[in-house]
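Student: Submitted below is the structure of interest, expressed as structure tokens.
The values are calculated or read from the model by the stated rules, or taken from the named source; none is laboratory data. Bear in mind that the values here come from a model prediction, so they are computed numbers and not experimental data. The area values use the complete protein model at the heavy-atom level, side chains included, leaving out ligands, DNA and RNA. Shrake-Rupley method; radii C 1.70, N 1.55, O 1.52, S 1.80 Å.
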Amino acid sequence: MAAPSSVWKRLARTKPLDSFAHDSSSDHGHGAGLRRSLGLFSLVMLGVGATVGTGIFFTMTEAVPKAGPAVILSFTIAGVTAGLTALCYAELASNVPASGSSYSYTYATLGEFIAYIVAACLLLEYALAASATAIGWSAYLNNFLQNAFGLSLPEAIRSPMLETTKEGLSIHWGHVNLPPIILVGMCGFLLLRGASESATANAIMVMIKLCILGFFVSVAFSAFNAGNFTPFFNELGAEGVDAEHIGMAGVAAAAGTVFFSFIGLDTVATAGGEVKDPTRNVPRGIILALLIVTASYILVAVAAVGAQPAAQFKGQEAGLSV
């Protein structure tokens, strides 16, 4: 049986920075590791694609009822906070240019056991963000089919079997939210094709998504009503406003919700092992992706609240489509 000190040494062993630097110094092909095939543009599109979606298409219906028109401040606060985190990632990525993001950084500094815990947290983070995005996509798909063809997906294949309500956990036997399952399966198949193919497909979809958001903004501004921003902060007694969401309290609560929408920026660092010149491109990719994401969120939030009173966001499915 190994001595406790020996076990602890194994758990606390770190991976030398020299080994990360060696891995990043060669554009290897086969046998030595991952092939470095991603440039700065692909990296920025990866960060934007992994982030933009949840915050715009899903979080608005949760954040606007808490902050009202001041949700713009919530996005700004969350963006600044995410920016500080992004700067930390950029600094670490320039020194540890490897795949694995926080896992690799922890492995190089604090040891293997703590890195294992960080890796588990990363998996939970991505699972949470991906599930929220997939479920939000299901609502938008159903809304699209209704508007375009007058069709609606049966409730049994677009609602979960388990649902949390104010009364507790509700079970709907025979129900399954099928569209998100299909979507995740398609994404998994795409990833199996390889990094270059995935990056190209992602870049195309991100450009389409940004164009759609630009189209939404232009349409929303055509019905812009400045009166929707008065009062700017939630006031006591206003329609649909809870007592704990008055003034800056509501802004702070919404900022916590909105920060969830910035999950995905660290995906840029996760791809460090597949990026050309990672010490240069990974930090730049993180910062550029953050700027694009934050600007998109704030612009769409202004357009959305300008086109629809804040009180009407509460409880909506596919809020921007409505």
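Student: For region 246-285, report the translational diffusion coefficient in µm²/s to the nearest whole number, using Stokes-Einstein at 4 °C, 1.567 mPa s, and a Kirkwood Rh over Cα pairs. List each step's numbers first, then the result.
Tutor: Numbers: Rh = 12.2 Å.
Using the Kirkwood radius from Cα pairs, D works out to 106 µm²/s.
Student: Could you give the angle, 0 to 90 degrees to the nearest 10, between helix 112-149's Cα long axis and the longest principal axis of the Cα atoms of the chain?
Tutor: Once rounded, one gets 30 degrees.
Student: What do you get for the angle between helix 248-259 and the principal long axis of the chain? Use alpha-carbon atoms, 0 to 90 degrees, nearest ten.
Tutor: Relative to the chain, helix 248-259 is tipped by roughly 50 degrees.
Student: Moving on. Can you tell me the 0 to 90 degree angle between the C-alpha axis of helix 195-222 and the longest principal axis of the chain, rounded to 10?
Tutor: Approximately 20 degrees, to the nearest ten.
Student: Calculate for the chain the 222 nm mean residue ellipticity that helices alone would give, adding -39,500 (n - 2.57) per DSSP H run of length 4 or more and normalising by residue count, nearest 500 deg cm²/dmol.
Tutor: Computed ellipticity for the chain at 222 nm equals -20500 deg cm²/dmol.
Student: Roughly how many Å² is the accessible area per residue of region 43-120, as a whole number, for a 1.4 Å probe?
Tutor: About 34 Å² of surface per residue is accessible.
Student: Within the chain, what whole-number % of the accessible surface is contributed by carbon and sulfur, with the 1.4 Å probe and all protein chains included in the calculation?
Tutor: C and S fraction of accessible area: 68 percent.
Student: Normalising by the residue count of region 169-322, find the relative contact order in percent from Cα pairs under 8 Å and 6+ residues apart.
Tutor: Over region 169-322, the number comes to 30 percent.
Student: Where the centroid of each part is defined by its Cα atoms, how far is region 42-92 from region 125-186 in Å?
Tutor: Spelled out, the Cα-based centre of one part sits 23 Å from the other.
Student: Also: Starting from the Cα of Lys209, draw a straight line to each of the lysines and keep only those under 26 Å, dropping any in the same chain fewer than 8 residues away.
Tutor: Qualifying lysines at Cα under 26 Å: Lys276, Lys314.
Student: Could you bin all the Cα-Cα distances of region 140-186 into 10 Å bins starting at 0 and give me the percent of pairs in each, rounded to whole numbers?
Tutor: 25, 42, 29, 4
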